[in-house]
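Visitor: Submitted below is the structure of interest, expressed as structure tokens.
The values are calculated or read from the model by the stated rules, or taken from the named source; none is laboratory data. Nothing here was measured: the structure is a model prediction, and the numbers come from that model. Here the Cβ positions follow ideal geometry from the backbone for every residue, glycine too, while neighbour counts run over all protein chains shown. The protein model used for the area step is the full one, side chains on, heavy atoms only, and it has no ligands, DNA or RNA in it. Shrake-Rupley method; radii C 1.70, N 1.55, O 1.52, S 1.80 Å.
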Amino acid sequence: MTIKNLLMEYDVILASASPRRKELMQLICPSFRVIPADCGEAVPEALSAGDVPGFLSFQKCKCIADVYQKAVVIGCDTVVTTADGEILGKPKDKADAARMLKLLSGRMHTVDTGVSISYKGHTDTFTETTKVWFKDLTDEEIEDYINTGEPMDKAGAYGIQGEGTLLVDKIEGDFFNVVGLPVSKLAGKLHEMLD
């Protein structure tokens, strides 16, 4: 049975407010509910950058699964990490966006998306990693991109699915992971859990 047909038999909840994740989730499941998790994003200091998205996705998933115990709940979190290990969240303002883009300019960074799936008290968590290389960016290119408004609600201050694609030299790994949801791997994990 295809994943789309399989998921038609379940109440599926995406615990994310991201319009990009909602759009990508429709590739797997034509009918699902969106119930954003509002459980804070405090992270234990001992966690490495690579473990943060899995931890946060689990917290978001659990927050919703505790209420909707008969549903298949999917929680996600995406983290952008510089080559020096600095985690880049969403920029606070234009100056912060410029700082982030300068850190990424001409270098490789990683995008890790943690995904947690919960069903009937069992939760499976995985993290997908994609490497992204930016072109060398001029101050003018950075300013022009920031003026589009696109970077302001995105981790790492860019959206690869939009005009941010012009900043990227190459990627290694799942493109959709950089957008915010590793679609193929999620579909496989759902099949394993529910079939």
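Visitor: Quick one: helix 183-194 against the long Cα principal axis of the chain, what's the angle to the nearest 10°, folded into 0 to 90?
Guide: It works out to around 20 degrees.
Visitor: Of the listed pairs 70/131; 62/94; 4/135; 94/135; 4/170, which have alpha-carbon separations greater than 27 Å here? The partial results should precede the final answer.
Guide: Numbers: 70/131 36 Å; 62/94 34 Å; 4/135 38 Å; 94/135 20 Å; 4/170 31 Å.
From the list (70/131; 62/94; 4/135; 94/135; 4/170), the Cα-Cα distance tops 27 Å for 70/131; 62/94; 4/135; 4/170.
Visitor: Now, a different point. Taking the range 48-164 as the region of interest, what is the percent of Cα-Cα pairs per 5 angstrom bin, listed from the shortest bin to the one with the maximum distance?
Guide: It works out to 2, 12, 20, 19, 15, 12, 9, 6, 3, 1, 0, in whole percents.
Visitor: Using +1 on the beta carbon of Lys and Arg, -1 on that of Asp and Glu, and nothing else charged, what's the dipole of the chain about the Cα centre, debye to 20?
Guide: On the way: 21 positive and 30 negative charges, 126 e Å.
The dipole of the chain has a size of about 600 debye.
Visitor: Over all pairs of distinct alpha carbons, what does the Kirkwood formula give as the hydrodynamic radius of the range 94-162, in Å? Don't skip to the answer; put the middle values down first.
Guide: Numbers: mean 1/r = 0.0728 Å⁻¹.
Computed over the range 94-162, the radius equals 13.7 Å.
Visitor: Turning to a different aspect of this structure: So with the 1.4 Å probe, I'd like the accessible area per residue for the range 3-194, rounded to whole Å².
Guide: Values: 9320 Å² over 192 residues.
Here the per-residue accessible area is 49 Å².
Visitor: Still on this structure, please answer the following. If a/c stays under 1.5 just call it rounded; otherwise compare a/b with b/c (prolate if a/b is bigger, oblate if not). Do that for the range 1-42, with a ≥ b ≥ c from the square roots of the Cα gyration tensor eigenvalues. List each step's numbers first, then the result.
Guide: Numbers: a/c = 3.01, a/b = 2.01, b/c = 1.50.
Prolate, since a/c reaches 1.5 and a/b exceeds b/c.
Visitor: Hey, another quick one. P(r) for the chain: what percent of alpha-carbon pairs falls in each 5 Å bin, starting at zero?
Guide: Spelled out bin by bin, the chain gives 1, 8, 17, 20, 19, 14, 10, 7, 3, 1, 0 percent.
Visitor: Measure off, as a whole percent, the carbon and sulfur share of the 1.4 Å-probe accessible area of the chain, all protein chains present. Please report the intermediate quantities before stating the final value.
Guide: Numbers: 4760 of 9660 Å².
That fraction is 49 percent.
Visitor: Using alpha carbons only, how many degrees (0 to 90, rounded to 10) separate the axis of helix 52-65 from the longest principal axis of the chain?
Guide: Rounded to the nearest ten degrees, it is 40.
Visitor: Where is the GNM fluctuation largest for the chain (alpha-carbon springs, 10 angstrom cutoff): 27, 101, 14?
Guide: Residue with maximal mean-square fluctuation among 27, 101, 14: 27.
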